[in-house]
Amino acid sequence: MKGGLVMRDLHFKPIVPLLLLLAFLGFWLLWKNPSHQELHATTRLAMGTLVSVSTWGATEAEDENGVNWVFSRIKEVESWASKQIPSSLVYKINHSPKGTLLEVPEELVTVVHTGLEIRNLSGGAFDPGLGYLVDLWGFGNGVAEEGKIPETQKIAAWLEERNKHHDFGIQWVKTANGGMAIQWGGFAYELDLGGIAKGYAMDLAMESLKLSGIPNALIVAGGDMIIAGSKGGKPWRIGIQHPRDHNKVMAFAEITGDMAMSTSGDYERFFMANGERQHHILDPKTGKPSRSGLISVSIQTSTSIKADALSTAVFVLGMKEGKALIEKLDGVEGMLVHENGERWKSPGFKGQWLEGS
Ligand code: ADP
Ligand code: MG
């Protein structure tokens, strides 16, 4: 018996350290070799903001392929949805004479229809047709940098034109080949998809990652983000910026699985004039920056297109009506911050306030 044991010990002794050494070597190689790195992060400029794509568990080649696809889809959306690019479809629509009939692709129909759906849900607080007004204030065309408030008469003229129609002022027409055409309604209905197209692009971006075989990812573009899967079995951890202190995180969320989150704030693009913060979220009822009292609104829901538009809508609606809209909608959660210090989040919102924030 004893002899047998000794024999076995002798037999196994050199193998154990060898296995240990091999295991160590394996771990070391995995760690050193970037093609087996588990977290990849890429940041590039797109849609006028920094877009960062983090993937977990993909090889370097998979990640590179997925990320390139993400940015090419984002660029594609930008190329037709931006109202600043003269070759874009939205530019073409906005610069056509009133009443022009223009055939449009399904993508544009989807984005504008979703925008109009949120417009109806929010009683007009969100509106995809504020192009003229947004330009008047200089947001999106760089004029805001000069810090000038538009002439009151110009805002009044826009509001007057707006009030002539009960509906949105543009018509959809089915074409003979089954497609869709838009009949343009004039300057009071210039398209501005700035509050919704980024969200749509984020949905396409995440879809591209999934189709390229990457199920675990986080894409962040300014205040919008979309999440899938996990970070190596752990949730993705996301900070929500303090609306009055750039360097501070006000809340954080830990999320696993499919979810989109969008934050709208009055601190992203603004200038000071007349002692007031003139920011980029406009109230279609006044033609001026929203004065609902809310300074930050985060929305969580299943798609980025809805999260994006709803965060803008709730921002304009304010605390009371904003809360009511969130509570009314299935699968929509929100976190609201008022300038008077009041804070609210819906029970299903995935996230915690940071102590002392
Ligand atoms: P960000 O673009 O900074 O993420 P939002 O998603 O809140 O911010 O969208 C703001 C943009 O949407 C503005 O820059 C403008 O182009 C457009 N916009 C402003 N006010 C409204 C509104 N009430 N409804 C729809 N779009 C709006
Ligand atoms: Mg938005």
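Just so it is clear, none of the values below were taken in a lab; they were calculated from the coordinates. Quick caveat: nothing in here was measured; it's all calculated off a predicted structure. All Cβ positions, glycine included, derive from the backbone under ideal geometry; neighbour counts span all protein chains shown.
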Binned Cα-Cα distances of segment 254-324, short to long, each 10 Å bin given as a whole percent: 21, 48, 24, 7, 1
Restrict the search to segment 261-357; then list the trypsin sites (Lys or Arg not before Pro) that DSSP places in a loop and that have at most 15 other Cβ atoms within 10 Å of their Cβ. Lys285, Arg291
Mind ranking 107-113, 244-250, 201-207 by how tightly packed they are, going by the mean number of other C-beta atoms within 10 angstrom, highest first? 201-207, 107-113, 244-250
Could you list the GluC sites (Glu not before Pro) in segment 270-357 that lie in coil according to DSSP, counting only those with at most 14 other Cβ atoms within 10 Å of their Cβ? Glu342, Glu355
When the chain is treated as a Gaussian network with springs between alpha carbons less than 10 Å apart, the largest mean-square fluctuation among Pro17, Pro235, Pro128 is found at Pro17
Measure nothing but the geometry: give the 0 to 90° angle between the long axis through the Cα atoms of 106-121 and the longest principal axis through the Cα atoms of the chain, rounded to 10°. 70 degrees
Starting from the Cα-Cα distance between Asn247 and His95, subtract it from 0.36 nm times their residue separation and give me the gain in nm to one decimal. 50.7 nm
Reachable lysines from Lys231, criterion Cα separation under 18 angstrom, eight or more residues apart if same chain: Lys210, Lys350
Plugging the Cβ-Cβ distance of Glu161 and Leu50 into 1/(1 + (r/R0)^6) at R0 = 45 Å yields, to the nearest 0.05, a FRET efficiency of 0.75
Trypsin sites (Lys or Arg not before Pro) lying in DSSP loop within segment 123-196, provided at most 13 other Cβ fall within 10 Å: Lys148, Lys164
Quick note, segment 89-184: a/c under 1.5 would make it rounded; otherwise a/b > b/c is prolate and the rest oblate (a ≥ b ≥ c, C-alpha gyration tensor); here it is prolate
Under the classification rounded if a/c is under 1.5, otherwise prolate if a/b is larger than b/c and oblate if not, where does segment 101-149 fall, given a ≥ b ≥ c as square roots of the Cα gyration tensor eigenvalues? oblate
Would you mind checking the pairs Lys148/Lys248; Lys248/Lys306; Lys75/Lys98; Lys198/Lys288; Lys75/Lys288 and listing those with alpha carbons more than 25 angstrom apart? Lys148/Lys248; Lys248/Lys306; Lys75/Lys98; Lys75/Lys288
Using the Cα centre of segment 241-280 as the reference point, and only Cβ charges (+1 on K/R, -1 on D/E), how large is the resulting charge dipole? Debye, rounded to the nearest 20. 180 debye
Farthest toward positive dipole pole in the chain [+1 Lys/Arg, -1 Asp/Glu at C-beta], among Trp344, Ala176, Phe139: Trp344
What percent does the relative contact order of the chain come to when contacts are Cα pairs within less than 8 Å and at least six residues apart? 16 percent
Per residue, how big is the convex hull around the C-alpha atoms of segment 31-102? Give it to me in cubic angstrom, could you? 91 Å³
What do you get for the angle between helix 319-328 and the principal long axis of the chain? Use alpha-carbon atoms, 0 to 90 degrees, nearest ten. 60 degrees
